[in-house]
Amino acid sequence: MLELLTLSPIIKGLILLVVAGISFPLTGVYLLRLNLLPLRFMLMHGAILGGAIALSFSWNPFITTIAVNLLLVLFMTKASRSLRIDAGYISSFFMVISISLAFILVYRFNVQAKDTLSLLWGSLYTSTWEEVIAVIVFSFLLVAFQLFYYRKLQAFFFDREIAYTSGVNERFLYYAIVLLTALTVAMAMKIIGALLLDALLLLPALVATFHAKSLRGVLAGASLWGGLFATGGFFLALILDIPASSAIAALASVVFVVIFIIRRK
């Protein structure tokens, strides 16, 4: 196994997982606090659409996926605000449209099945150094956003109307959270794929809620558990010769069940 750690694709994969594991669960906390769980399904389907577009026209999948998700978020938030409809309903509509267009493109442009499946399972070891740097920069911005707006986010998560009357720009925070979530999902899709996305976003946040007693504790716990799941899953995958995404999901699921049983007792 030590010999594998000298290979460039393995090193890049390890860096991606550690950085993503620490920072990406922050958006999982946002999703849980704002009850925006349907949003991640729209973004997952949007990422598949972005991948299908990239494969059909030979574009960069990483950049195309991010662009498609940002457009979907823009359309969803505008439609939700304008029509005064719950964001969950609007996201369901865009989810259906996205996956429909994705399969049309796959069919019309005769995209190979193995390339299509890579959208679902991720491609951790094919990442370029430019993509690794992009994930590192984004993770830094995600953590910086959390630290800079912590007090306002605390009021925002407690009650949006109270936060607004207290002078907090709740519309800006909402748009910022949704945009950050869209970027997180697009990048996480590249790392572990669509099917196991929640192992990196939601499970660390859920485990953190079992023992944390404050928002600060949930955020810190989610980052800690996310880093442990990502790192532990990576080395477990090397030892057992299985996909890293599956190892992360399995490890996170086992820890979740064990802590849940202990907490019940």
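The values are calculated or read from the model by the stated rules, or taken from the named source; none is laboratory data. The structure displayed is predicted, hence computed values, not measured ones. We place every Cβ from the backbone using ideal geometry, glycine too, and count neighbours over all the protein chains shown. Accessible surface is based on the protein model in full, side chains and every heavy atom, while ligands, DNA and RNA are left aside. Shrake-Rupley method; radii C 1.70, N 1.55, O 1.52, S 1.80 Å.
Just a few scattered comments:
- Here the range 69-221 is treated as a Stokes sphere of Kirkwood radius computed over C-alpha pairs; at 37 °C and 0.692 mPa s its diffusion coefficient rounds to 184 µm²/s.
- Only lysine pairs 8 or more places apart, or on different chains, with alpha-carbon atoms under 22 angstrom apart are counted in the chain, and they number 4.
- With a 1.4 Å probe rolled over the protein heavy atoms of all chains, the accessible area of ARG216, ARG33, ARG264 falls in the order ARG264, ARG216, ARG33, largest first.
- Heavy-atom accessible area ranking, 1.4 Å probe, most first, across ILE63, ILE177: ILE63, ILE177
- Whole-number percent relative contact order across the chain, with pairs defined as alpha carbons under 8 Å at least 6 apart: 31
- Of all accessible heavy-atom area on the range 204-265, the percent that carbon and sulfur account for (1.4 Å): 69
- Figure note: LEU26, LEU179 ranked by solvent-accessible area, largest first, 1.4 Å probe, ligands and nucleic acids not counted: LEU179, LEU26.
- Across the alpha-carbon set of the chain, the Rg to Rh ratio works out to 0.97, Rh being the Kirkwood radius.
- Using alpha carbons only, the radius of gyration of the range 163-265 set against its Kirkwood radius gives Rg/Rh = 1.06.
- Computed label-point distance, nm, for sites ARG151 and VAL18 using a 7 Å Cα→Cβ extension: 3.4
- Taking Cβ atoms as reference points and 15 Å as the exclusive limit, the residues near SER80 contribute a net charge of +3, counting Lys and Arg as +1 and Asp and Glu as -1.
- Cut-off 15 Å between beta-carbons: net charge of the residues surrounding VAL178, Lys and Arg +1, Asp and Glu -1: +4
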